[in-house]
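Input: a single structure, listed below in structure tokens.
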Amino acid sequence: MQMRIFRPVLSGMIVLFTAAMAPVFAASIPSVAYSSVDPFIGTAGGGHTFPGATVPFGMVQVSPDTQILDFHKSYGWAAGYRYEDKTILGFSQTHFSGTGHSDLGDVLVMPIAGEVKLDPGAVDKPDSGYRSRFSHASEIAQPGYYAVTLADYGIRVELTATRRVGLERYRFPSDKPAHVLVDLRSSIYNYPGKVLWSRMRIRRDGTVTGYRITRGWAPGRQLYFAMRFSRPMTSHELYDREGPIDYKGFAPPAANDPSERAQIQGRGGGGV
């Protein structure tokens, strides 16, 4: 399975995306039906639905995640999002909806303005990590479209999707450095060892490619992705947050300098 995810800039102003999912209706009845859909239905309690963007039978379901818990406690967040929550830790590209089991949540992406933190932090202490507070008053959810403002960063986020591509638009504040963090560790139905292996590589043209192999709902599930940005990167850092292991093989280029690495692999990959 191949997933191409188009992203905006790591630093600087944002070039606006064309709205790919805005439908045009010639008749009033389909228009009324479209405007009557409420993607928030089922996102509270045990409904296990997500409010993000997807299309019927699409390969991507781009949606916010509000909690990533140990698998013993993750059932209530089977779709990654619950309406009762007050913070968002990022936007991942795959989600189940309405299921009785939790999984997926692949390739979590979080726009950040200002200081970068590499861990999501605790729900009761949002400032301890990269998660952000948000208000339902800033949310919009329509078929194929989702938007929210990340209050702690002052970033407006918009999501839409095609059958194989997730598109995200970020409007950063002009007075702070703009970053996009990618966390390959994050998984719905999470536990130590969930990610068997992951890899991220920055190509010469700025395209970010990678994959991760996970176990859980589907043992040995492989997901591949590619990201493109609307502006070139001005800098990058790649990390493997995996705990110490006895043998790491021959040291790769720039082993001790995350800003000079062109790729990273391991069980705890991520970049910003």
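Can you confirm whether the stretch 41-51 contains a residue that is of a type outside the set (Ser, Thr, Tyr), modelled with pLDDT of 75 or more and under 16 Å from Glu158 (Cα atoms)? Yes, the stretch 41-51 contains at least one residue that is of a type outside the set (Ser, Thr, Tyr), modelled with pLDDT of 75 or more and under 16 Å from Glu158 (Cα atoms). Tell me, which residue of the stretch 60-118 that is in a strand (DSSP E or B) and more than 22 Å from Ala226 (Cα to Cα) is modelled with the lowest pLDDT? Step by step, filter the stretch 60-118, then rank; the result is Asp70. Selection of the stretch 201-213 for residues being surrounded by 20 or more Cβ atoms within 10 Å (Cβ to Cβ) and free of Cβ contacts under 8 Å to residues at least 24 places away in the same chain yields only Tyr211. In the stretch 217-232, the qualifying residues are those that are in contact (Cβ under 8 Å) with a residue 40 or more places away in the chain and of a type in the set (D, E, K, R), and the one that is farthest from Gly90 (Cα to Cα) is Arg231.
Quick grid of which residues meet (1) touching a residue at least 24 places away in the same chain (Cβ under 8 Å); (2) surrounded by 21 or more Cβ atoms within 10 Å (Cβ to Cβ):
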{"residue": "Ser128", "(1), (2)": "no, no"}
{"residue": "Ser135", "(1), (2)": "no, no"}
{"residue": "Val148", "(1), (2)": "yes, yes"}
{"residue": "Arg156", "(1), (2)": "no, no"}
{"residue": "Leu159", "(1), (2)": "yes, yes"}
{"residue": "Val165", "(1), (2)": "yes, no"}
{"residue": "Trp197", "(1), (2)": "yes, no"}
{"residue": "Arg215", "(1), (2)": "no, no"}
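Criterion first (over 22 Å from Leu196 (Cβ atoms) and in contact (Cβ under 8 Å) with a residue 24 or more places away in the chain) does Ala79 satisfy it? Yes: the conditions hold for Ala79.
Here Pro64 meets each of (1) surrounded by fewer than 21 Cβ atoms within 10 Å (Cβ to Cβ); (2) out of contact with any helix residue (DSSP H, G or I) (no Cβ under 7 Å at 6 or more places or on another chain); (3) of a type outside the set (D, E, K, R); (4) closer than 20 Å to Gly47 by Cβ with one exception, condition (1).
Scanning the stretch 114-143 for residues that are more than 23 Å from Asp175 (Cα to Cα) and β-branched (Val, Ile, Thr) yields a total of 2.
Scan (1) β-branched (Val, Ile, Thr); (2) more than 22 Å from Val157 (Cα to Cα); (3) modelled with pLDDT of 85 or more for the single condition Val32 breaks and write down its number. Of the numbered conditions (1) β-branched (Val, Ile, Thr); (2) more than 22 Å from Val157 (Cα to Cα); (3) modelled with pLDDT of 85 or more, the odd one out for Val32 is (3).
The values are calculated or read from the model by the stated rules, or taken from the named source; none is laboratory data. All figures in this text were calculated on a predicted structure; none of them were measured in a lab. Note that each Cβ is placed from the backbone with ideal geometry, even for glycine, and that neighbours are counted across all protein chains shown.
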